[in-house]
Amino acid sequence: MKKILIVGNWKSNKTEIETNEWFQRFTIYDLRFTNKEIIICPPFTLLSNLKSSILNHKSFIKLGAQDISPFDEGAYTGEVNGKQIKEFADYVIIGHSERRRYFGESEDIIVKKIEMAQKYELTPIVCVSDIKQAENYTRYTLIIAYEPLFAIGSGNPDTPENANEMAKKIKEIIDAPVIYGGSVTSQNVKSFTQMPSIDGVLPGKASLDANEFASIIEKA
Ligand code: PGA
C-alpha cells in the first residue's frame, strides 16, 4: 500500500488562541492510519506552540515550515534559518507559487533554499506548477507538490486525470513522491489520492478548519 502524504499549508493564518482551538478540535478525532503521513505547516510563530501540543498529546502530526532562509545564521534581518527550523520541524515548503509571485523568488533562491533544507535534514516540499520548474530540482532528495496556478485558492481544482498525468511526467525526471495541491477538499481528496502516480495532497484553505482537515485525512 502506498504511503499517502497530507500536508496542511496554513499560509499566513492563525493566532496562538486559534491554533489551540484548532488542535483541541482536531484531537477529538482518533485518526491513526499507518499508511498516512500528516504534516502541518503553520507560520513560524506557531511552530513552538504546536510542537508542545503534539508532544503533550502524543499526536502523530509532523511539522513543517512554510519557508527557509537561503542563508545560514547571521545578519539576515527577518529570515528564519534551517538550524532554527530544525528545532521544531522536519519538513519545509519551498518555492510555493505565492512566494514566487508576491516575493519574487527566483529559481536560484529556491535551489539555495533546497540546499539549506538538506544541510539541516529538513525534507523539502518543493512546489511546481509545470514540468520546466521541476527540471531544476532533479538532483535533490525531496517531495514535489504539483500545484497548477489556476487551482490554488480558486475552488477550481485540476482534474485528477490531468494531475496524475503531470505527476507521472514529473516522476519520469525526478525520483520523488509527488503530491497534488490546489483547492483540495474532503469532497475531492480521494479522487486525487486514488490515482496511481499521486502520493498525497497539499490542502491550504481546507486545512484551516480542524473538522474539514480531519475529514480529508479520513477520506484520503
Ligand atoms: P488551497 O491552497 O488548497 O487553498 O487551494 C493550496 C496551496 O496553495 O498550497
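Readers should treat all values here as calculations from the given coordinates under stated rules, not as data from a laboratory. Computed from a predicted model, the values in this text were never measured in an experiment. Because the Cβ atoms are built from the backbone with ideal geometry, glycine has one as well, and the counts that use them run over all protein chains shown.
Structure summary
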{"item": "In Å, descending, principal axis extents of the Cα set of the stretch 1-84", "result": "44, 34, 21"}
{"item": "Residues whose placed amide H lies under 5 Å from that of Lys36, excluding near-sequence neighbours", "result": "Ile4"}
{"item": "Most fluctuating residue given options Tyr76, Tyr140, Tyr180, as computed from a GNM of the chain linking Cα atoms under 10 Å", "result": "Tyr76"}
{"item": "Per-selection metrics, the chain (Cα): Rg and Dmax in Å", "result": "16.3, 47"}
{"item": "Between the stretch 38-111 and the stretch 15-31, the alpha-carbon center distance in angstrom", "result": "20 Å"}
{"item": "Residues in the stretch 48-71 reached by a label modelled at Thr141 [backbone nitrogen below 13 Å; 7 Å Cα→Cβ]", "result": "none"}
{"item": "Amide hydrogen neighbours beyond the local backbone of Val92, cut-off 5 Å, H modeled", "result": "Ala65, Thr123, Ile125"}
{"item": "Residue-wise HN-Hα coupling along the stretch 23-36, computed from phi with Karplus coefficients 6.51, -1.76, 1.60 (Hz; x: Gly, Pro)", "result": "5, 4, 5, 5, 6, 4, 7, 8, 9, 10, 10, 6, 9, 10"}
{"item": "Those lysines that a straight Cα-Cα span of less than 19 Å connects to Lys171, excepting residues fewer than 8 apart in one chain", "result": "Lys2, Lys3, Lys132"}
{"item": "Choice from Ile198, Ile68, Ile17 showing the highest fluctuation, given a GNM over the chain with Cα pairs closer than 10 Å", "result": "Ile17"}
{"item": "CD proxy at 222 nm, helix term only [per DSSP H run n ≥ 4: -39500 (n - 2.57); per residue of the chain; nearest 500]", "result": "-10000 deg cm²/dmol"}
{"item": "Whole-number Å³ per residue for the convex hull built on Cα positions in the stretch 67-171", "result": "111 Å³"}
{"item": "³J(HN,Hα) computed for each position of the stretch 103-109 - Karplus, 6.51 cos²θ - 1.76 cosθ + 1.60, integer Hz, glycine/proline x", "result": "10, x, 5, 9, 4, 4, 5"}
{"item": "Fraction of the pair-distance distribution of the stretch 148-202 above 20 Å, Cα-Cα pairs, percent", "result": "15 percent"}
{"item": "Choice from Gly181, Gly74, Gly153 with maximal GNM fluctuation in the chain (Cα, 10 Å cutoff)", "result": "Gly74"}
{"item": "Chain lengthening between His57 and Asn13 when straightened (0.36 nm per residue, less Cα-Cα)", "result": "13.6 nm"}
